[in-house]
RNA sequence: GGGCGCGUAGCUCAGGGGUAGAGCGUCGCCCUUACAAGGCGAAUGUCGGCGGUUCGAAACCGUCCGCGCCCACCA
């Protein structure tokens, strides 16, 4: 099909099929682009670089509409930059997604009734690699289908050799700078994934629980504490009260009997306790609560762990072996039996942390982990935005960014997983700890073992903007393409990914931020604004829509909804609408080709052109400027909307219709219009190409005979404007619209020819008589013409002979309505103009506008009254 | 608890001190030789409520109601 169109270009009347069939065109076009190397970025190029990295999709799956959305934006940005002459790199790749991928493969194993422990670490990791090999191809296939102009030769994976070197290098550097350390702290533990996770990997949600108040101690020395996690009381090592709380002053330092155990625990005074809250007494479990851990540290309390990694009670006694929830009710029951439950609140809604990967309730747990000391890194990451080196779009998101980087706790980076970058630290037989850099020998010999943990997956993706370019090697690509130009990603990973890239980029690249601009887009939602999810059943596979309506349609719909930073709803109807638009472009170009539109030769001089041609060229250049400005501001919805309306309303409806008369009349004017129409389509297709690459490529190569739109020059505003022509055509449009309305109200069928006398002499409409007659199906007046309806519009007169068939009632109704509107207008305008305060304070242009409205309304009234008088009696 | 944002046509959303906009949907006429995936015409809104600022408020300010999101060591 594509081959066909190429050949047909030389034919005198190229014939494109009547309907655009995207599915036949898109695949071959994409492969041709790749084969020709359009998307390959050359580090040796003289051109200025423009770099964007893909937010690496997880290998765990396939692309969803969110990816399609993100890729549309990135592809549009990079396609335009490529056309503008930049050496453009869109860096592709995927993320190993440690915990997510390990979970997927573990689930697969579970189907075979195996666990990863049955395989052992090495075999398991091998199995994940195998799985990655099978799954990764799916994603690149989808990206090709979408039309992503990525440099496939540079595709990277966060676990490949080079990126592993980068990870080791950065780890070592941070370690040597004492920005990475190992410490025992309370961490967020997922008892299902069996690993620590970082603070942001915990999702809080309100869960129903039970708040019980427990009486500790005996006799006079009792306190009441409240808890939602009664099972942790087995690990209590103190009671805390506010040091100034007079109620409990006497107890500070005393020992209180801990129920269900044979232990007694001290009462300590700590300012963390809010005396206003509850009883003002807090049970302290340093091994299972972050606050309690802090209190424990301050008072030198012991930490007693009472649960294992599966959240099963390990403390000796009747509760040993119970799961935390079983233990909770068992312990409450036991305490109740002892009469120690003094109050219960059930349900008690409180915020509970869940593992963002598997939704299991997090168990805070004391554990030895590796940490990044984020203080200095986060400070730099914040400053780079504060001092304007890096801009965030939309700007409202900056506040969120600052809130986070300015209040960041140290980052727990070790994971008790097998899939990921192994922590490059070795422990010797005599307690030696050695961090092994990328060029160092790994320690060998008796008793040396490597740390068994792997790094948080975001550690390696934090290096993505430079690790993909070969860092730590000082490659040509790194020199050419770092820093990246723009980062386009969802606001949902601002902290996970963007902030981490900022920290690592600034740190590793000597203060050069990884990108200058951060563009945050929203999330794709369904047509009712609901979040898309598999469980809710409203998730859509973008491939289905692409097969049905074409990638262009999906892309255009997404771009059109892309208002900065806000979520974008999408429904199948809208994709259909975009498909219709693509088809409209197709047919308009088909019309142009059939009528000899050309891009050959210079544009005719403006003096020679008709007002119609000058009008559309004026509008065209204005739209070029408008679209460019929107692109610079990442306003995808606006630019798509502007192009949609310009193309459809102005070019395809008005201009194309107006050219028909010109083409019929022939002569120099027709020749000129062929060139102008060619120009308008040439530029319009170029402007549309970044968003709808396929249909525009097919049409443009046919129209121009050139190789490809992908490497064509991006249009620039020639500066040509002709306001007089714009006003003139607006008037023509008004006349035609007005008479059409009349025709419609009169029940005249669109095709019905009506004899008419046009009195246009001395008005700017005179040159457009033929076009007006054609568009309105107005015949020459001929013999025995009798005007039965006269429409004075814009200083001219259109008199129609309806041969006595005029629907007087309908026309009277229409005119009466118009009259009422005009009278209302006059009242409103007079009210304004009679208001002295308004005249004194309103700016001139507003007053002029109102005066203009008044004048027009007065003229309208005269006209309408005349028309009403002229109507035959009903 | 703190922060951010949003409530505009049936639906999804733009707009933003000077007579209310788009897409989809609805109604009517039409297969007018680029396109019925189309053309032409039409209808539809006290711009969440109440106050205030202003000559003028849907827009700015305050407040209330409703919704969403982010952050937080709410025992």
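Of all DSSP beta bridges located in segment A:733-874, what percent are antiparallel, nearest 5?
80
With just the Cα atoms defining each centre, how far is segment A:62-128 from segment A:808-866? Give it in Å.
Here the answer is 63 Å between Cα centres.
For segment A:567-609, compute Rh as the Kirkwood radius over C-alpha pairs and then the Stokes-Einstein diffusion coefficient at 25 °C and 0.890 mPa s; write the answer in µm²/s, rounded to an integer.
Taking Rh from Cα pairs, D becomes 182 µm²/s.
What distance in nm separates the simple spin-label points at residue A:827 and residue A:492, each placed 7 Å from Cα in the Cβ direction?
Placing both labels 7 Å along Cα→Cβ, they lie 5.3 nm apart.
On average, how much area does the Cα convex hull of segment A:339-474 cover when viewed from any direction, in nm²?
If you wrap the Cα atoms of segment A:339-474 in a convex hull and average its projections, you get 15.7 nm².
Taking the Cα centre of each part, how many Å lie between segment A:382-414 and segment A:549-628?
What the calculation gives is 38 Å, centre to centre.
Would you mind listing how long segment A:421-523 runs along its three principal axes, going by Cα atoms, in whole Å with the largest first?
So the three principal-axis extents are 52, 34, 18 Å.
Summarise the long-distance tail of P(r) for segment A:288-405 by giving the % of C-alpha pairs beyond 24 Å.
It works out to 55 percent of all Cα pairs.
When ranked by the protection proxy of mean other Cβ atoms within 10 Å per residue, highest first, what sequence do the peptides A:180-190, A:63-73, A:38-48 form?
Top of the packing list down: A:63-73, A:180-190, A:38-48.
Going by alpha carbons, how many degrees (0 to 90, nearest 10) lie between the helix axis of A:551-560 and the longest principal axis of chain A?
80
Over the Cα atoms, compute the radius of gyration (one decimal) and Dmax (the largest Cα-Cα distance, rounded to a whole number) for segment A:660-701, in Å.
Values for segment A:660-701 (Cα only, Rg and Dmax): 12.9, 37 Å.
If you split all Cα-Cα distances of segment A:772-855 into 5 Å bins from zero, what percentages do you get per bin, shortest first?
Whole-percent P(r) values from 0 Å outward: 3, 11, 14, 16, 13, 11, 10, 9, 7, 5, 2, 0.
How much length is gained on full extension from residue A:336 to residue A:727, taking 0.36 nm per residue of separation minus their Cα-Cα distance?
Length gained, residue A:336 through residue A:727: 132.1 nm.
Based only on Cα atoms, what mean projected area does the convex hull of segment A:192-253 have, in nm²?
About 7.0 nm², averaged over all directions.
Residues in segment A:508-545 near a label at residue A:387, defined as backbone nitrogen under 17 Å from the 7 Å Cα→Cβ point?
A:508-517
Given an 8 Å cut-off on Cα distances and at least 6 residues of separation, report the relative contact order of segment A:11-140 as a percent.
Computed value for segment A:11-140: 30 percent relative contact order.
Highest mean first, how do A:833-841, A:342-350 rank when packing is the count of other Cβ atoms within 10 Å averaged over residues?
Ranking, from highest mean packing down: A:342-350, A:833-841.
What is the distance in Å between the Cα centres of segment A:682-748 and segment A:324-345?
Centre-to-centre distance over Cα atoms comes out at 76 Å.
Mind giving me the nanometre distance, one decimal, between the label points for residue A:512 and residue A:111, set 7 Å out from Cα along Cα→Cβ?
Spacing of the two 7 Å Cα→Cβ label points: 4.6 nm.
Considering the zone a paramagnetic label at residue A:862 would reach in this model (a point 7 Å from Cα along the Cα-to-Cβ line), which residues of segment A:762-802 have amide N under 15 Å from it?
Residues A:792-797 qualify, since their backbone N sits under 15 Å from the label point.
Can you figure out the FRET efficiency of residue A:759 with residue A:32, using R₀ = 45 Å and their beta-carbon distance, to the nearest 0.05?
0.20
Along each of the three principal axes of the Cα atoms of segment A:620-739, give the extent in whole Å, ordering the values from largest to smallest.
The Cα atoms of segment A:620-739 stretch 39, 32, 25 Å along their principal axes.
Consider all pairwise Cα distances in segment A:469-559 and report the whole-number % of them above 16 Å.
I get 68 percent for the Cα pairs in segment A:469-559 exceeding 16 Å.
With an 8 Å cut-off on Cα pairs and a minimum separation of 6 or more residues, tell me the relative contact order of chain A in percent.
Reported relative contact order: 13 percent.
What fraction of the Cα pairs in segment A:511-654, stated in percent, has a spacing above 26 angstrom?
Pairs farther apart than 26 Å: 41 percent.
Report the gain in length on full extension from residue A:530 to residue A:430: 0.36 nm times residue separation, minus Cα-Cα distance, nm rounded to one decimal.
30.2 nm
Jot down the per residue volume, in cubic angstrom and as a whole number, of the convex hull over the alpha-carbon atoms of chain A.
Value for chain A: 250 Å³ per residue.
To test your reading of the geometry: what angle, between 0 and 90 degrees and rounded to tens, separates the Cα axis of helix A:324-337 from the longest principal axis of chain A?
The two axes meet at around 60 degrees.
log₁₀ I(q)/I(0) of segment A:292-357 at q = 0.15 Å⁻¹, via Debye over equal Cα point scatterers, no solvent, to two decimals?
Treating every Cα as an identical point scatterer, log10 I(q)/I(0) equals -0.74.
With the crude spin-label approximation of a point 7 Å out along Cα→Cβ, what separation in nm comes out for residue A:835 versus residue A:440?
7.8
Expressed as a fraction of 2.2 N^0.38 Å, the rule-of-thumb size for a compact globular protein of N residues, what is the C-alpha radius of gyration of segment A:723-874?
Against the compact-globule rule of thumb, the ratio is 1.19.
Computed from the coordinates by the stated procedures, all read-outs in this text should not be read as laboratory data. None of these values were measured; they are calculated from a predicted model. Virtual Cβ from ideal backbone geometry, glycine too; neighbours counted across all protein chains shown.
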